[in-house]
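I'd like to ask some things about the structure below.
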Amino acid sequence: MYQDSSKNQSFLEKVDIFGISIAIRFSHLPRHNTRFGGLITISILAIILFQLIQTLINIFTYNSPQVIQSDDYVFEPEPFEITPKTFNLAMGLQDENFNQFYDEKIYQVKATQQTLQKVFNSTSNQYDPIWTYETLNISTCSQNNFQIQEIKSYFLGISYPVMYCFDVNEDRAKIQGEFSANIYKAIEIDFIECVDKDYCASAEEKAKYLTNPTLGLFFSNKIVQIQNKDNPYNSVGKNLYWLSGPSFQKYITLNLMNAYINSDFSLFGTSKSTQRIVQFSSYQEQVVPRTNPVMFRLLLVYEKNREVNYYRKYIKIDQAFSQIGGMFNLLLTIGFLICKPISQLELNRKLLNSIFNISDGKNKEDQTNINQRKSMDQKKISFIEEPVLKIHEIDKQKENLTQNIKNNLENQQTLEIQEQIKEFNPKNRIQQTKREEVKFCYFDNEEKTQLERAYDAQKAFNIIINEQKKSKLDEKLIRMLDTKLINLFADNSFDANSAKETEDPNKHSENKDFENLNISILTRAKKKSIFNNKQATKKSYREEVLKLDYSSEMQEQQFQKLNKFQSVLYNCDEQEEEQQQCQIEYDKNEAKTDDLQVKKTIKPKIPYHQEISFKILQKQLDDD
């Protein structure tokens, strides 16, 4: 029975809009939510909220207009009236040091309004041009001539009292259209040298100022600031200079241009407003020979067939919601692509946990138990580590002690056996036979008789009996012989000095049987002794190992016992190996002897006591 998990959901899971729908409700919830999905949801909402705030700020402050600028063709620009409030103009001549001067006895200024009107002639079916000229009032400048507040300080900072301006009350100064239009108006301003002899200054006086005169023109201009909602343009002052001489004159054309700022401030629909300004566009300068007193001729006209239009509009509410909706859909799509697989995996994990009765609390409890077990295991390891290390040290000491004992046994206890094996080693005997064949008489040209072999056995017995220090092997050989044979050897019955040329074959056969019997008995007894000794030692060794006590008090004593057993076992193994080696060497020597018998067709003559020893060793090796 599932509990209502909606109460256990975290805040992020509750706000997750990327949850996976559940066909069969899981934990009484219509869909599965994750914290990661909730985090993405909050991030998207934060981005949308930020964008909404920015959009609202742009809507109500009009700070981010969308602007389009275009240069348009116009056949007849509309008229522009020059007044102190619309266009400020100050002009005058400068001397060689660029100082403004005003003296009508040296030069004079004359302004003329030119008007060209084309009238249709019905007789000729053509337009007849009609020119009219009006003189405009020009006077020295005053502060009243500069009524544009933004640039008033600019004009007041120049030498305006010695310069010429249009009269304040002059309202006829206009420019309109262009030369090909039906109505064309322009303003012509001439700067004329004074030539009246009665009124004008002398030629020397005029030469001081008019040798290289400079025309200075100061006028107002407007620049566009499209981001400013209420005042999209700004008035600035501008100045231009032209230089002339006594032998030429300059014709200067100052081109003005209309600029229109079209704005749409409505929040819904369309509502346009237009503002018109006149701004400086360009000028042209022409130099012609001087044929009259005119030094400069300035012409104020419109730029031919050109005007500039600025279209600006601001974001509307419907556009703002469209932008926000588009951004929201984009972010939502990205969120679904990221969160849906993650939410599905999380749902699958929870379903598996619920099926197998795995809960977070149980996982935590299991983890706690695991940590406790690890802690206990660590404590056990730390508790056992020290004894284990001691056991390892003891084993190492034991190994070293065993090796030392083994080395000592090899050097001490096995010396005697090695000497005995060396004494009866067939390999050494055969090698010695090759070097000293004559000395030992191993091989004769004639085959030995039974009596001769008995003589050799008697000699071997006498050698063993007469030795002051008998080896263990010699003692065992004597003990293994039959009593009757020992008595015969003791009486020197087979002595060569007392022997006769002939002997009884039956007697020799009987001695041969005794000899073989003793060899068999000796071999079996020795093998049984070695085997019993080895088995008893192994049994005792195993019992001691089972009873091992690793306490510090019993370690040294038990190690001594174990090492003793190992020494005995090692000694037995050494004896077995020596017997096997003797058997191998004997077989090799016997094979060589057989080869020699075949080649020489004679039977080798080997001392009888050595042959007995070889047979004993061979029997032991065969039994093993």
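Taken together, the values in this text are just the output of simple stated rules run on the coordinates, not laboratory data. Remember, predicted model here, so these are calculated numbers, not experimental data. Glycine also receives a Cβ, built like all others from the backbone with ideal geometry; neighbour counts cover every protein chain displayed.
Among Ala181, Asn212, Thr140, whose Cα lies farthest out toward the positive end of the dipole of the stretch 69-314, if unit charges sit on the beta carbon of Lys, Arg (+1) and Asp, Glu (-1)?
Of Ala181, Asn212, Thr140, it is Ala181.
Going down the table (Lys14/Lys340; Lys272/Lys316; Lys229/Lys272; Lys152/Lys250; Lys152/Lys174), which pairs top 18 Å between alpha carbons?
Lys152/Lys250; Lys152/Lys174
Follow-up. Which value, in debye to the nearest 20, gives the size of the charge dipole of the stretch 90-202 about its Cα centre, when Lys and Arg are +1 and Asp and Glu are -1 at the Cβ?
Value, rounded to 20: 360 debye.
Continuing with the same structure: Which log10 I(q)/I(0) values does the stretch 69-314 give at q = 0.16 Å⁻¹ under the Debye formula, counting every alpha carbon as one identical point scatterer?
Cα-only, vacuum Debye calculation for the stretch 69-314: -1.21.
For the peptides 196-208, 226-238, what is the packing order when you average, over each peptide's residues, the other Cβ atoms within 10 Å and list the highest mean first?
The densest-packed peptide leads the list: 226-238, 196-208.
Which order do the peptides 119-127, 253-261, 323-331, 274-282 take when ranked by the mean count of other beta-carbon atoms within 10 Å per residue, highest first?
Those peptides, ordered most packed to least, come out 253-261, 274-282, 323-331, 119-127.
Taking all pairs of different Cα atoms in the stretch 123-217, averaging 1/r and flipping that mean, what Kirkwood radius in angstroms comes out?
Hydrodynamic radius (Kirkwood, Cα pairs) of the stretch 123-217 is 17.3 Å.
Hey, what D do you get for the stretch 73-136 in µm²/s if you plug the Kirkwood alpha-carbon radius into Stokes-Einstein at 37 °C and 0.692 mPa s?
It diffuses with D of about 203 µm²/s by this estimate.
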